[in-house]
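Data first, discussion second: the structure below is written as structure tokens.
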Amino acid sequence: MRAAVFAEPGPASVLQIVDRELPLAGAGEVRVRIVLSAVNPTDTGTRAGRGVPDGVAPPRVPNQDGAGVVDALGVGVTDLEPGDRVWVWDAGYGRENGTAQEYVVLPRHQVVRMNDDVPFEVGADLGIPALTAHRCLTVAADGPARLAPGALDGWTVLVAGGAGAVGNAAIQLAKWSGATVITTVSSKEKAVLALAAGADTVIDYREEDVAARVREVSPEGPRLIVEVNTDNLDTDLDVLAPGGNIAIYVGGKFSVPSFKAMVKNASLDFVLTYTTTPEEKANAVAAVAEAVNTGAFRVGDDAGLPILRFPLERVAEAHEAVESHVVGKVVIDVTAP
């Protein structure tokens, strides 16, 4: 089988296409033929040598997320069949083999069945973006542990960066759960994408006063903020409802205006999907699978997340596209559907 491999950390050019032996599915494992492999910022970070530490050294096959079909079942796996359409998560975390290869073997719980009418493009987008979004939307101590229709009825949620993959997923999952969603973007083009995702109010932070607009549409303030840029914390604490939560899914060092946070009795919560608890991850996977299988989660231009495709031979270009902050979801065509 063909696989993209990097033998040492470095720029995208370290990725090489090689031939490898077909892996065997052991007890409790599933072999998946990957149709689409998705590229996320943490994938490019791992390849560059600055990713989330997981104790695994190169050579490695990159990319955590993907979608494909079940190819073989290990002993003890009885609830899937060869040919089932599936999506996978955290494929390359703590192991050498991610989804940028024709076949990958994973533990059963990391292989999720999806309905036959769900496009592979949707399945490839579900791992890091959707599971991150789910955790961000469920961090509040007084909120739901698992999203479902009605779980966020009466909530107002502010999603920073609504045109990004996590922002798009947060908008869609929050709307599916009954929330009113406000989002911020940096251009008119991105505003179109955020509206397509389902946001109720879209604010162009380069053209509008974010705090004033948030207060206009939500005088009491959002109960939850999903934040991708810690430079926004001053504004977030200005508009946050008393007792609200700010879920931060970006790294870096920053200072907190602590008195503002104290006055609001605010909570700042930090989210990394790789290291959530087994219960939190299971809740996220189950909720996202339900949203997908009921048609409540989509991708593509009409859902606010354009798809950018690369063949496996151009895996380096796919990684470079993510590193250049291209708008949309980057996927790699690995095998034919």
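Quick notes
- For the range 243-287, diffusion coefficient by Stokes-Einstein and Kirkwood Rh (Cα), 4 °C, 1.567 mPa s, µm²/s: 104
- Derived scalar couplings ³J(HN,Hα) [the range 180-193; Karplus, 6.51 cos²θ - 1.76 cosθ + 1.60; whole Hz; x for Gly, Pro]: 8, 10, 10, 9, 10, 9, 10, 6, 5, 5, 6, 4, 4, 5
- Over the chain, dividing the summed -39,500 (n - 2.57) contributions of all DSSP H runs of at least 4 residues by the number of residues returns a 222 nm mean residue ellipticity of -7500 deg cm²/dmol.
- Restriction of the GluC sites (Glu not before Pro) in the range 39-136 to DSSP coil positions whose beta-carbon has at most 12 other beta-carbons within 10 angstrom yields Glu96.
- Most mobile listed residue (Val285, Val111, Val250) in the chain, GNM with C-alpha springs under 10 Å: Val250
- Over the range 141-201, the hull volume per residue, using the convex hull of the C-alpha atoms, is 71 Å³.
- In terms of Cα atoms, the Rg and Dmax of the range 1-121 work out to 14.0, 42 Å.
- Three-way shape label, the range 222-337, alpha-carbon gyration tensor, a/c 1.5: prolate
- In terms of its C-alpha gyration tensor, the chain has a prolate overall shape, because the principal axis ratio a/c (a ≥ b ≥ c, square roots of the eigenvalues) is not below 1.5 and a/b outweighs b/c.
- When the P(r) of the range 171-267 is calculated, the portion above 16 Å amounts to 57% of the C-alpha pairs.
- Antiparallel DSSP beta bridges within the chain, as percent of all bridges there, nearest 5: 55
- Residues with amide H under 5 Å from that of Asp269, placed H, sequence gap 5 or more: Ile246, Ala247, Ile248
- The range 1-131: relative contact order as a whole-number percent, Cα under 8 Å and 6+ apart: 30
- Computed over the chain with a Gaussian network model linking Cα atoms closer than 10 Å, the most mobile of Arg108, Arg298, Arg85 is Arg108.
- Relative contact order (percent, whole number), the range 135-235, Cα cutoff 8 Å, 6+ residue spacing: 29
- Top of Asn63, Asn97, Asn229 by mean-square fluctuation, Gaussian network on the chain, Cα under 10 Å: Asn229
- Mean-position separation - Cα centroids, the range 35-92 and the range 216-265, in angstrom: 33
- Relative contact order for the chain: 19 percent, from Cα pairs under 8 Å spaced at least 6 residues apart, divided by residue count.
Where a number appears in this text, it was derived from the coordinates with a stated rule and is not lab data. Here the structure is a predicted model, which means the values were calculated and not measured. Every residue, glycine among them, receives a Cβ derived from its backbone with ideal geometry; neighbour counts consider all protein chains shown.
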